[in-house]
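The values are calculated or read from the model by the stated rules, or taken from the named source; none is laboratory data. Just so you know, these numbers come straight off a predicted model, no measurement behind them. Cβ: placed from backbone, ideal geometry, glycine included. Neighbour counts: every protein chain shown.
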Amino acid sequence: MALEENERIIIPDENGEEHLFEVLFTFDVDQTGNSYLAVVPAEQKEDEEVEVYAFRYEEQKKDDDDLSLFPIESDEEWEMVEEMLHTLIDEENDE
């Protein structure tokens, strides 16, 4: 399953409650073989400040619709995700 921009996914929280998120972007890092995604809550209001969540993810081979999400724990991973987010924002501002 290749995630697309503006695709919506459901992510359960630590209490098992499901929340709907919209995918901002995904990217792969060739050096590590890891894949990352950035999402925002789908129900977020237009005038609210956007809260972006980022995860490392792995696609499940047995079921094309399943992803395993992992928290980003290292500073290096956070820096990569932030750099991609800033690049995306810059590209949108240039349009």
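Within region 29-40, if we keep just the residues that are surrounded by 10 or more Cβ atoms within 10 Å (Cβ to Cβ) and over 11 Å from the mean Cα position of the chain (by Cα), the residue that is modelled with the highest pLDDT turns out to be N34. Annotation note: Cβ proximity below 6 Å between a residue of region 70-86 that is within 15 Å of L37 (Cβ to Cβ) and a residue that is assigned to a loop (DSSP other than H, G, I, E, B) (sequence gap 6+ or interchain) occurs for W78/I72.
Yes/no per residue for (1) modelled with pLDDT of 80 or more; (2) of a type in the set (G, A, S); (3) not in a helix (DSSP H, G or I):
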{"residue": "Y57", "(1), (2), (3)": "yes, no, yes"}
{"residue": "W78", "(1), (2), (3)": "yes, no, no"}
{"residue": "E83", "(1), (2), (3)": "yes, no, no"}
{"residue": "E91", "(1), (2), (3)": "no, no, no"}
